[in-house]
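The numbers here are math on the coordinates, done by the rules we state, and not lab data. Because the structure is predicted, anything quoted here is derived from the model rather than measured. Because the Cβ atoms are built from the backbone with ideal geometry, glycine has one as well, and the counts that use them run over all protein chains shown.
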Amino acid sequence: MDVIILQLLNGLDKGSAYALIALGLTLIFGTLGVVNFAHGALFMLGAFCAVTLQRILSLSFETIDPTKTDFLGNPAKVKTPYLESWFGPEMGSSIIDWSVPLAILFAIPIMIGVGYIMERGLIKHFYKRPHADQILVTFGLAIVIQEVIKQFYGANPIPTPAPDMFKGSFDFGVLLGFDPNAVIYPYWRLVYFSFAAVIIAAVFAFLQFTTFGMVVRAGMADRETVGLLGINIDKRFTIMFGIAAAVAGIAGVMYAPINSPNYHMGMDFLVLSFVVVVVGGMGSLPGAVLAGFLLGILESFSSMNQIKQILPGIDQIIIYLVAIIILLVRPRGLMGRKGVMED
Amino acid sequence: MLGLEKKDTSLLIIVAILTMCAPFILNPFPTGSAMAQFNAGYPDLMQRFVIFGIFAIGFNILFGLTGYLSFGHAAFLGVGSYSAVWMFKLLGYNILPGIVLSVITSGVFALLIGYISLRRSGIYFSILTLAFAQMSFALAYSVLTPLTNGETGLQVYNSDPQYFHSDALPNIPHLFGQEMQSTFKLELGAWSFDFNTGYYICALIMLVMFYLAIRIFRSPFGLMLKAIKTNQTRLNYTGLNPRPYTLAAFVISGMYAGLAGGLMASMDPLAGAERMQWTASGEVVLMTILGGAGTLIGPVLGAGFIKYFENIFSKINDTVLHQWFAFLPDGMEDFLIVIIHPFVGKGWHLTLGLLFMAIVIFLPGGLVEGGQKIAQKFRGSKAKDDTTATDSTPAE
């Protein structure tokens, strides 16, 4: 029983990442009808926003401390971050410590900007082109973004620690009456999961309860009619693209402490997220979220030793296997609407 | 000739001449000169040109004709490589059985995957093929290790049976005693040209495959595939079931990929799972689009272009750049190098990505369309009627 709960929890955090990326992909697909292969790159950009902010915050100046000497006997140079000298050592170091959560604020405007530029500069010209062309051009863009990041940050993963407060693990087992240390779950993953839940809820609430969201939903259903009513639907869809990019970006920011960001993390997630979108049903937002969590949990369950003994290698292929079965049995996906991308 | 129209015959002859004279054409610069790094006439690279040419020609039969965008073609390449190496392990280093088996296994594999994937079309098809390829990749790395040797990659060991191997035969891949790696060097003044057995065998096979592709393009079967791309619904209404045709195209292109994989293993008897990864599938898509999907010569051009870039551009480093711009004043020189630096050497992927985006945006027909446009400009409006009738109409 405790093993099952542990796997369930493990599946949740991976599932949240899948769900967040798939949500953004679906938003873009549902509004603009564009298949965005560069979405993984946006996720990666978000993670690198966290890295960048951490570097900016820890910018330091050197002072010579006459009281200490280094091993050669010269006066030692001491690096002090600017923040510590401005706000005092305690406040400064805690700001640096909290750089990952702070990076969310930093990433949102950047990602919305990136999304806006991407849509206006590139994607706009591809609405009328076949889906294959959209896939290809965004694939090219993903390569470019990835390589630019590699130029600036190098090819190695960059560790980006979470705030000290969230280090360590939470013992779930005790809470549920199992032995101590049976179900251990890192705090940050708990944070990630709750964060994902909040973001998903926010996106849904935004679409459901605001006028803007209502117009967007109407546009998703029938773009032309909304346009005829005198609403500039293109502009709103562009904003939605920005929001989708921001969702991917902050998913990346929060994921940085779980997996040190490297330049190809986006591609790794992209393929899986596409599978998630297809399983959930192209164009269905709840479907994307559901499928994201479902596949995340399935993946972690199949990596249990007991299951691996019966079906070796199943943990590597389970997601693809499920996708193939779903596509063949229920081509529309779990919650896909009728008539979306059915040719 | 050979049942081809005049125009196709001349295209085939041009390609034949180009591939046969490749050692000369690709080595235009004297060996010792500063431009020698642009020479591409060394055996390893030339082999890759034609092998990836075969791969792209095969991919084009599926994507160019039917419009089905497969994102998992590298799986067939990998399967082909594995089967060829297995033949080396079991029978000996003669490449013939290896190549035959690689075509057969990849064909069977393609039949299996195609039968399932082709139930869906459009992006679903792309995702299905991608899923299958990623599955094969993951399995080759983990569970199928006895068959694929996992991360190490499959290779031939001394302890392998090699039933038909005798001491008289060379201990590297060969064709009836002709070693793949044997190279004849021709020194002409400052120039030196390499004539490599492996290259010529691959080149001959590529020519045969190119000829086959032309025949397929011109056959009623090819017309049917084009009809599927143009309007599948209408085809359905005329009472024809398109699926057997697309499946046949899928299997044929899978066999081409398997052949390419088999040849790759024949040139260098090693097979690794990374050949099946989806980035490898993306590469062949890039080649085909870059050259011009749906055209005969496009994929070969694209394959050559990308492989040339990969090898030559990635070799240019700062020292080389300093040599080039040495004539400029110091400040200018450094400035130029700082600007160019991200695009060459390790950063050649960036150039590739930008180039690829530019092609998809401005020239959806690829290099072939670009060439046609330029040719049209030169010939003026008079020749416009001619060009619309040329055989290599680009994909829309």
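A straight line joining the Cα centroids of the range B:278-346 and the range A:252-311 runs 35 Å. Which lysines, on any chain, are close to B:Lys373 with Cα under 16 Å apart, when same-chain ones fewer than 8 places away are left out? Straight-distance partners of B:Lys373: B:Lys382, B:Lys384.
Among B:Gly298, B:Pro342, B:Tyr308, whose Cα projects farthest towards the positive end of the dipole of chain B, with charges put on the beta-carbon of Lys, Arg (+1) and Asp, Glu (-1)? Going by the charge dipole, the pick is B:Gly298. Size descriptors for the range B:1-146: radius of gyration and Dmax over Cα atoms are 19.3, 57 Å. If I take R0 = 56 Å and measure r between the Cβ atoms of A:Lys167 and B:Leu328 in this structure, what FRET efficiency does the formula 1/(1 + (r/R0)^6) give, to the nearest 0.05? Step by step, r from the Cβ atoms, then E = 0.55. Hydrophobic, long helices, defined as DSSP H runs whose alpha-carbon span along the helix axis is 27 Å or greater and whose mean Kyte-Doolittle value is at least 0.5, occur in chain B at B:43-66, B:95-117, B:122-141, B:197-218, B:243-267.
Once the Cα atoms are used to define both axes, helix A:285-302 deviates from the longest principal axis of chain A by about 60 degrees. Computed from Cα positions, the angle between helix A:265-280 and the longest principal axis of chain A comes to roughly 30 degrees. Kirkwood's formula applied to the C-alpha pairs of the range B:215-330 gives a hydrodynamic radius of 17.8 angstrom.
Each principal axis of the Cα atoms in chain B has its own extent, and those three values, largest first, are 71, 66, 43 angstrom. Rounded, prolate or oblate, given the Cα gyration tensor of the range A:230-343, with a/c below 1.5 counting as rounded? Verdict is oblate for the range A:230-343. Among A:Tyr127, A:Tyr192, A:Tyr187, A:Tyr18, the ranking by other beta carbons within 10 Å of each residue's beta carbon, starting with the fewest, stands as A:Tyr127, A:Tyr187, A:Tyr192, A:Tyr18. The slack between B:Tyr115 and B:Thr230, meaning 0.36 nm per residue of separation minus the straight C-alpha distance, is 39.2 nm. Computed over the Cα atoms of the protein assembly as shown, pair by distinct pair, the Kirkwood hydrodynamic radius stands at 28.4 angstrom.
When B:Cys202, B:Cys21 are sorted by how many other C-beta atoms sit within 10 angstrom of their C-beta, beginning with the fewest, the order is B:Cys21, B:Cys202. Modelled this way, with points 7 Å down the Cα-to-C-beta line, the labels at A:Ser303 and A:Ala155 are 2.5 nm from one another. Candidates A:Ser16, A:Ile184, B:Gly254 compared by Cα position along the dipole of the protein assembly as shown: farthest toward the positive end lies B:Gly254, with charges placed on Cβ.
Of the residues B:Leu91, A:Leu228, B:Ser106, the one whose Cα sits farthest toward the positive end of the charge dipole of the protein assembly as shown, with +1 on the Cβ of Lys and Arg and -1 on the Cβ of Asp and Glu, is A:Leu228.
Take the Cα radius of gyration of chain A and divide it by 2.2 N^0.38 Å, N being the number of residues; the result is 1.12. Only Cα pairs under 8 Å and 6+ residues apart enter the sum, and on that basis the relative contact order of the range B:6-278 stands at 39 percent.
Once you've got the Cα coordinates, tell me which of A:Lys14/A:Lys167; A:Lys14/B:Lys315; B:Lys7/B:Lys229; B:Lys6/B:Lys377; A:Lys79/A:Lys167 are over 28 Å apart. From A:Lys14/A:Lys167; A:Lys14/B:Lys315; B:Lys7/B:Lys229; B:Lys6/B:Lys377; A:Lys79/A:Lys167, over 28 Å: A:Lys14/B:Lys315. Note on the range B:41-98 and the range A:39-65: Cα centroid distance 43 Å, given to the nearest whole angstrom. Each label point was placed 7 Å from the Cα along the Cα-to-Cβ direction; for A:Met91 and B:Ile104 their separation is 7.9 nm.
For A:Lys124, the aspartates and glutamates whose Cα falls under 14 Å of its own Cα, not counting residues fewer than eight places away in the same chain, are A:Asp133, A:Asp234.
Order of B:His165, B:His322, A:His39 from fewest to most other C-beta atoms within 10 Å?
B:His322, B:His165, A:His39
Rounded to the nearest 10 degrees, what's the angle between the helix A:314-329 long axis and the longest principal axis of chain A, both from Cα atoms, 0 to 90? Between the helix axis and the principal axis of chain A, the angle is about 20 degrees. Extending 7 Å from Cα along the Cβ direction at A:Thr63 and again at B:Lys6 yields two label points whose distance is 8.9 nm.
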